[in-house]
Amino acid sequence: MKVALFVPCYVDQFYPQVAIATLELLEKLGVDVAYPESQTCCGQPMANSGFEHLTHGCNDNFVKNFSGYDYIVCPSGSCTLHVKDHLHATDEKAAASIRSKVYELVEFLTDILKVEELTSSFQYKVGLHQSCHGQRGLKISQMSELVSAPFSKTEKLLHMVKGLELIKLSRTDECCGFGGTFCVAEEAVSVKMGIDRVADHVAHGATYITGNDMSCLMHLEGILRRQQSPVKVIHIAEILNAAQ
Amino acid sequence: MESRAKILQALSKKFTDSPAPLPEVKVFPPVAGEPVDKFEFILRGIGGRTVRVNSYSEINDFIAKEYTSNARIISLVKEVSGSAITPDIDPHTFENVDLVILQPHFGVAENGAAWITSDRMGDRALPFISQHIALVITTDSILHNMHEAYDRIGNTNQPFGTFIAGPSKTADIEQSLVLGAHGPKSMTVFLLSVNR
Amino acid sequence: MEQKIYDHAVLADKFNKDASRVDWHDKTLWFIREKRDKAAWQIAEWEELRETASQVKNNVLDNLHDYLLEFEKQAQQNGVTVHWAANAEEHNRIVHAIIKEHGVSDIVKSKSMLTEECHLNEYLQQQGITVVDTDLGERIVQLAGEPPSHIVLPCIHWKKEEIGELFHQHLGTPKGNADPQFLTAAAREHLRQRFMTSRVAITGVNFAVAETGEVVVCTNEGNADLGVQLAEVHIACMGIEKIIPQRKHLGIFLRLLARSATGQPVTTYSSHFRKPRPGQAMHIVLVDNGRSERLQQESFRNALKCIRCGACMNTCPVYRRSGGHSYQYAIAGPIGSILAPGLDMKQHADLPFASTLCGSCSNVCPVKINIHEQLYEWRQVLVKSGHVSPVKKAGISGMAAVLERPGIYKFSGAVGRWFMKYIPVLVNNKLNPWYKQREMPAVPRQSFNEWYRQNRKQNGKQS
Ligand code: SF4
């Protein structure tokens, strides 16, 4: 099995440790991982701002980098969803193939690798922030709006981590307010949503806030640090890769 | 009538080669338990009151205890005492009615609603203008859900019909529930048991 | 229509100046969302019901022409006069003509989002007709001279003390009394007089049944019924999409509507108006106002499935924290944001961007409208049609140029961590809006790309 690692642009630039953890975790699990070096971005920042028509060059570059692998794995629900839903390119056949092979890290671990145990350990109280695109878009966990049996692929993995205590939240899947360019275009509401989300985690005793999407966590981190809170954010890949 | 033609013209354009078919309306299995118990539970939850009785005379006794003799009570249920109404009376004259007693066709367990049509209202304004309302429903006429309700209603052709579920209410002021918005301030349902 | 001065973000910013009020607003609406959840979980077949409702509505939209004709025929046989209005102005003229014909100057109206959409009240007032909104929440905002901020809960943004003061000024209630029970009783007295004297009553329509020609109106207060049953003339105003094929479909929709809206098992009154009462005249006004055009737009047509339950607003994290008035359209929140640009793209170009695309709205919607996907689609349409600021356009074009050239991407990343450099450009604001209330992410020593080249390439692990 040949897997390509797709690293979202902001993870590459700001959170290299998340990509490193993803790479190491996959390798620990015996996966042959390649990192196509000329990758840039999935095009979501443009498309969500209404400029999908300007993403052709970016998409072609994406297809060039990620063709020919069995799977493409990405430590971000949002970027994965965007590729799945909106990747179109000059070579449409290759694009379609990529759309069907791209996986967010957690769903790749649970659905493809069928991971049942992990050796990692993380001795903290952790709050899980569900990214909307991972949850409602990729259906990584059940959504509170639906009258359907609960499940959570993310929690399943977190429960395998030794010492980790998952806290309960008052609002299990409310959006954090990042929303791509929304975070600056609607600064006031974005920040208020973030403050409220952080408060929920803090009120329930979280030491760390984790999630599948570093973009949400970057936003929450910005708020936590401004509040000079001791609570930290950490990507799920870093927890799952945390050594014993 | 020019607009009519214009709208219909615009709508007659074909949108799709495969118009969506009308789905079957499934018969959903009723929830377990006696519908009358569920009806009672739900109706109480939405501000209604239920009273279980075995006879019409119990109903009359109950009302007699709650209302003085000078209260204006109109009854459309022949076994329950109260004044009758004269046909074609101006509905505004019901403004001072204290209590109206009606007999709906059936109740619905899942939502505490009762279905009543204009032929059983005396005047269509009565269920709404009266200060209080009482309904008499026999325990064997509580249906499970709204699908059964519309099955029962079928294609009966009454000029006006309504589901009534509890007293008139509002929560428009800071979501505090207040009973008696414009219509009746209370609703009492007499559940009349029938021995089958 | 007046060109609006502020966009959603500006009004939302204003709304957020009072954080405790935002908290209060958010919690009040979230409480209703929770009630909705509880009510939905009472129904094992909830998701199946939503699916069926959605399919019925799809069928209606594909066959609206025939259903409208059937409805008209049945309604006429029931002794109802049916009118057709191509747009808001015509609707208003028709309603006014009916009122004039009966020589009436004071009327009562129960809740109707369509008449809000058409600005009927303003129009009638200009013609010298006094309209009294009889829904308590609507009456409150009417007294305050405001539009409703929510389609189901018109004055959800008002605190009881403020309503107490408003009633003190307009209805002469004692100053300082803010007890909801007391205020509701005062409104009851005040509005009873109107009901007793109004000869014309206007209502909205929740569902119109093609098979029978009847219209169904749902209220909790009983104000629609009281108005109609005491009037000589009943005018029911409805958008043409309110049609449903058969009576039995009401079973589906009435199970969904109130549970989705407020978490009640059903509204207190679900009244089926088929024929006018003896001596009464009944009119139904069918209004297009852009709907037939909308039906032609593949990506946006199914917004017409909406049954106006308001659930998408209650669940929307942005609506809860920006308030209904920040949308500046009769229908606020997620559904308003996909309906409004269909009526006037330029005027409402800001609304599809007032969302994080979290998708909660689509999940609560009882008729399964893909609201968040339409928000995304509207963004594409708006940008293509030029409804975007030149600054933003330049910023995004620059970003696209970088992202399609890996060489430049790496270079610009290395020198500036481009993300934070580009983001502030997206809005017309010299101050960095990220930094205002949030710290910037710390810039790491090297990017992953750089780390990889240093640590992995030498190890021969590169593919
Ligand atoms: S879009 Fe759906 S959820 Fe929103 S008001 Fe309409 S029916 Fe309700």
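The values are calculated or read from the model by the stated rules, or taken from the named source; none is laboratory data. Here the structure is a predicted model, which is why all the values come from computation and not from measurement. Every residue, glycine as well, gets a Cβ built from its backbone with ideal geometry; the counts of neighbours run over all protein chains shown. Side chains included, ligands, DNA and RNA excluded: accessible areas come from the protein's heavy atoms. Shrake-Rupley method; radii C 1.70, N 1.55, O 1.52, S 1.80 Å.
The residue of segment A:197-237 that is nearest to A:Cys132 (Cα to Cα), among those that are charged (D, E, K, R) and surrounded by fewer than 22 Cβ atoms within 10 Å (Cβ to Cβ), is A:Asp200. Exactly one residue among C:Glu211, C:Glu165 is open to solvent by 10 Å² or more (accessible area, probe 1.4 Å), acidic (Asp, Glu) and assigned to a loop (DSSP other than H, G, I, E, B), and that residue is C:Glu211.
Only one entry in C:Pro366, C:Pro317, C:Pro334, C:Pro352 is open to solvent by less than 20 Å² (accessible area, probe 1.4 Å), modelled with pLDDT of 95 or more, at the interface with chain A (Cβ under 7 Å from one of its Cβ atoms) and within 16 Å of the ligand (Cβ to nearest atom), namely C:Pro317. The set of residues from segment B:15-30 being under 26 Å from B:Ile164 (Cβ atoms), within 8 Å of chain C (Cβ to nearest Cβ) and open to solvent by 80 Å² or more (accessible area, probe 1.4 Å) is empty. Exactly one residue out of C:Gly103, C:Gly137 is among the small types (Gly, Ala, Ser) and touching a residue at least 12 places away in the same chain (Cβ under 8 Å), and it is C:Gly137.
The combined condition, being within 14 Å of chain C (Cβ to nearest Cβ), surrounded by fewer than 21 Cβ atoms within 10 Å (Cβ to Cβ) and not aliphatic (A, V, I, L, M), is fulfilled by A:Ser144. C:Leu153 satisfies every condition listed in (1) closer than 24 Å to B:Ile129 by Cα; (2) touching a Lys or Arg at 6+ places or on another chain (Cβ under 9 Å); (3) within 16 Å of the ligand (Cβ to nearest atom) except (2).
Which of the residues that make up segment C:169-195 are open to solvent by 60 Å² or more (accessible area, probe 1.4 Å) and either hydrophobic (A, V, I, L, M, F, W, C) or outside any loop (DSSP other than H, G, I, E, B) (or both)? Of everything in segment C:169-195, those that are open to solvent by 60 Å² or more (accessible area, probe 1.4 Å) and either hydrophobic (A, V, I, L, M, F, W, C) or outside any loop (DSSP other than H, G, I, E, B) (or both) turn out to be C:Gln169, C:His170, C:Gln181, C:Phe182, C:Glu189, C:Gln193, C:Arg194. Going residue by residue through segment A:226-236, is there one that turns out to be at the interface with another protein chain (Cβ under 9 Å from one of its Cβ atoms) and in a helix (DSSP H, G or I)? Scanning segment A:226-236 turns up at least one residue that is at the interface with another protein chain (Cβ under 9 Å from one of its Cβ atoms) and in a helix (DSSP H, G or I).
Once segment C:214-249 is narrowed to residues that are more than 24 Å from the chain's Cα centre (by Cα) and among the small types (Gly, Ala, Ser), the residue that is farthest from B:Pro167 (Cα to Cα) is C:Ala231.
Just give me the residues in segment B:50-60 being of a type outside the set (S, T, N, Q) and either more than 29 Å from B:Pro35 (Cα to Cα) or open to solvent by 90 Å² or more (accessible area, probe 1.4 Å) (or both), in sequence order. Selection gives B:Arg52 alone. Please verify whether segment C:218-241 includes one or more residues that are within 24 Å of C:His83 (Cβ to Cβ), of a type in the set (Asp, Glu) and part of a helix (DSSP H, G or I). Within segment C:218-241, one or more residues are within 24 Å of C:His83 (Cβ to Cβ), of a type in the set (Asp, Glu) and part of a helix (DSSP H, G or I). Out of C:Ala261, C:Ala281, C:Ala311, one residue alone is crowded, with 20+ Cβ neighbours inside 10 Å and in the same structural domain as C:Met113 (by TED's automatic domain parsing). It is C:Ala261. Filtering segment C:221-253 to residues that are under 25 Å from C:Gln76 (Cα atoms) and within 14 Å of the ligand (Cβ to nearest atom) leaves C:Gly239, C:Glu241, C:Lys242, C:Ile244, C:Phe253. Restricting C:Val152, C:Val141 to residues that are under 23 Å from the mean Cα position of the chain (by Cα), in a helix (DSSP H, G or I), at pLDDT 95 or above and within 14 Å of chain B (Cβ to nearest Cβ) narrows the list to C:Val141.
Any chance you could count how many residues in segment B:168-196 are in a loop (DSSP other than H, G, I, E, B) and at the interface with another protein chain (Cβ under 8 Å from one of its Cβ atoms)?
Pass one, segment B:168-196, residues in a loop (DSSP other than H, G, I, E, B): B:168, B:171-177, B:180-185, B:193-196.
Then keep just the ones that are at the interface with another protein chain (Cβ under 8 Å from one of its Cβ atoms); that gives B:168, B:171-176, B:180-184.
Count: 12.
One residue stands out among those in segment A:92-127 that are of a type in the set (S, T, N, Q) and free of Cβ contacts under 8 Å to residues at least 60 places away in the same chain: the one that is most open to solvent (accessible area, probe 1.4 Å), which is A:Gln123. Applying the criterion of at least 2 residues that are facing another protein chain (nearest Cβ under 9 Å), surrounded by fewer than 18 Cβ atoms within 10 Å (Cβ to Cβ) and among the aromatic types (Phe, Trp, Tyr) to the helices (runs of 4 or more DSSP H) found wholly in segment C:1-79 leaves C:19-41. Checking each residue in segment A:157-179 for being under 28 Å from A:Ala243 (Cα atoms) and in contact with an Asp or Glu (Cβ under 6 Å, 6 or more places away or on another chain) picks out A:Met160, A:Leu169. Can you spot a residue in segment A:158-172 that is surrounded by fewer than 24 Cβ atoms within 10 Å (Cβ to Cβ) and assigned to a helix (DSSP H, G or I)? Looking through segment A:158-172, at least one residue is surrounded by fewer than 24 Cβ atoms within 10 Å (Cβ to Cβ) and assigned to a helix (DSSP H, G or I). Filtering segment A:55-69 to residues that are open to solvent by 50 Å² or more (accessible area, probe 1.4 Å) and in contact with an Asp or Glu (Cβ under 9 Å, 6 or more places away or on another chain) leaves A:His56, A:Asp60, A:Lys64, A:Ser67.
When segment A:128-137 is filtered for residues that are open to solvent by 20 Å² or more (accessible area, probe 1.4 Å), in a loop (DSSP other than H, G, I, E, B) and in contact with a Gly (Cβ under 6 Å, 6 or more places away or on another chain), nothing remains. Within segment C:288-306, does at least one residue satisfy the condition of being within 13 Å of the ligand (Cβ to nearest atom) and open to solvent by 30 Å² or more (accessible area, probe 1.4 Å)? The answer is yes; a qualifying residue exists. When restricted to residues that are more than 21 Å from A:His219 (Cα to Cα) and open to solvent by less than 10 Å² (accessible area, probe 1.4 Å), segment A:7-32 contains 3. Out of all the residues in segment B:89-115, which are open to solvent by less than 10 Å² (accessible area, probe 1.4 Å), hydrophobic (A, V, I, L, M, F, W, C) and under 11 Å from the mean Cα position of the chain (by Cα)? Once the filter is applied, which keeps residues that are open to solvent by less than 10 Å² (accessible area, probe 1.4 Å), hydrophobic (A, V, I, L, M, F, W, C) and under 11 Å from the mean Cα position of the chain (by Cα), segment B:89-115 yields B:Leu102, B:Phe106, B:Val108, B:Ala113, B:Ala114. Residues of segment C:339-346 include none that is in a loop (DSSP other than H, G, I, E, B), within 16 Å of the ligand (Cβ to nearest atom), open to solvent by 30 Å² or more (accessible area, probe 1.4 Å) and within 14 Å of chain A (Cβ to nearest Cβ).
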